[in-house]
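Inspection log for the structure reproduced underneath, given as structure tokens.
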Amino acid sequence: MKAFVRETGRVAILDRPDVDTDQIIPKQFLKRIERTGYGDFLFFDWRFDDDGAERPSFELNRPEFRGASILLAGRNFGCGSSREHAAWALRDYGIEVVIAPSFGDIFRTNATKNGMLVIELPDAELERLKESVDLDRGSELTVDLDRRAITAPDGREVPFALDESVRQRLLSGADDIDQTLRYEAEIAAYEEART
């Protein structure tokens, strides 16, 4: 897993509550086990019409949000089924950070275990961030995990909290296997003693 320290990128706003994992990546695209190739299907039913043409009104199809790596979302983002593909689709599309008032618990876990930073902010603070985004030309913001701070498009710094074990895992780029292998000698000694 790639280490996450800082992301400066275009920000998109998807101001919809209760975006579930089936909306993030519809079930008909869950036929493979690879972690790549899902970005084309992200928000498929919202992004494309029945003929496969982009819907210009969908947020990520708008020119000022195109190419975003940071997503400002509504409450309860990633609710629904335990679909790891939702995190894979967001990452494959290019989203590195999702900021919302709340997340589905399983989505939050899947996202961070796949190297994506998810940040919970109070509604009022998230609204201030959204208001700082230039809706005509687009904006960039910076998320600094080391400092636990977001630099808004207007230059204001917004601190955020994150579980320290998740923060350290993202900063080091260590997935669950990497975490386990840190104890390889102890595991081997335990197994040796048990035989």
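Normalising by residue count, the range 1-96 has a Cα convex hull of 109 Å³ per residue. Provide, for the chain, the number of lysine pairs with alpha carbons under 26 Å apart, each pair being eight or more places apart or on different chains. Count of close lysine pairs: 4.
With +1 on each Lys and Arg Cβ and -1 on each Asp and Glu Cβ, how big is the dipole of the range 1-93 about its Cα centre, in debye rounded to the nearest 20?
440
Look at where the Cα atoms of the range 1-39 and of the range 145-170 average out, and the two centres are 20 Å apart. Once you sort the root eigenvalues of the Cα gyration tensor of the range 1-42 as a ≥ b ≥ c, which label holds: rounded (a/c under 1.5), prolate (a/b larger than b/c) or oblate (the other case)? Note, shape of the range 1-42 comes out oblate.
Which FRET efficiency, nearest 0.05, do D49 and D20 yield, Cβ-Cβ r, R0 22 Å? All intermediate terms of the calculation are to be shown ahead of the outcome.
Numbers: r = 21 Å, r/R0 = 0.95.
Here the calculated transfer efficiency is 0.60.
Summarising the strand pairing of the chain, around 50 percent of its internal DSSP beta bridges are antiparallel. Each label was represented as a point 7 Å from its Cα along the Cα-to-Cβ direction; for E186 and S132 these points are 4.0 nm apart. Can you classify the range 18-166 as rounded, prolate or oblate using the Cα gyration tensor, where a ≥ b ≥ c are the square roots of its eigenvalues, rounded means a/c under 1.5, and otherwise it's prolate if a/b beats b/c and oblate if not? Cα axes put the range 18-166 in the oblate bin.
Less than 11 Å Cβ to Cβ from D22, Lys/Arg counted +1 and Asp/Glu -1: what total charge do the surrounding residues give?
Summing Lys and Arg as +1 and Asp and Glu as -1 gives 0.
222 nm [θ] for the chain, helices only, -39500 (n - 2.57) per DSSP H run of 4+, per residue, to 500? Rounded to the nearest 500, it is -8500 deg cm²/dmol. Under the rule a/c < 1.5 gives rounded, and otherwise a/b versus b/c splits prolate from oblate, where does the range 82-139 land using the Cα gyration tensor? Oblate shape, in that a/c is at least 1.5 and b/c is the bigger or equal ratio.
In this structure, the amide hydrogen of F48, modeled 1.01 Å from its nitrogen in the peptide plane, lies closer than 5 angstrom to those of R55, counting only residues at least 5 positions away or on a different chain. Per residue, the solvent-accessible area of the chain (1.4 Å probe, heavy atoms of protein chains only, all protein chains present) comes to 52 Å².
Dipole of the chain computed with +1 at Lys/Arg Cβ and -1 at Asp/Glu Cβ about the Cα centre; of T8, T151, G138, farthest Cα towards the positive end is T8. Taking L162, L117, L42 in turn, the Gaussian network model of the chain (Cα-Cα springs below 10 Å) assigns the largest fluctuation to L162.
Percent of accessible area on the range 121-195 owned by carbon and sulfur, 1.4 Å probe? Using a 1.4 Å probe with all protein chains present, the range 121-195 comes out at 49 percent carbon and sulfur. Build a GNM of the chain with springs between Cα atoms under 10 Å apart, and of A149, A87, A124 the one that fluctuates most is A124. Annotation: amide H-H contacts under 5 Å for L72 (H modelled 1.01 Å from N, sequence separation of 5 or more, or interchain): A12, I13, L14, I99.
The values are calculated or read from the model by the stated rules, or taken from the named source; none is laboratory data. A quick note: this is a predicted structure, and the numbers were derived from the prediction, not measured. Using ideal geometry, Cβ is built from the backbone for each residue, glycine included, and neighbour counts are taken over all protein chains shown. The protein model used for the area step is the full one, side chains on, heavy atoms only, and it has no ligands, DNA or RNA in it. Shrake-Rupley method; radii C 1.70, N 1.55, O 1.52, S 1.80 Å.
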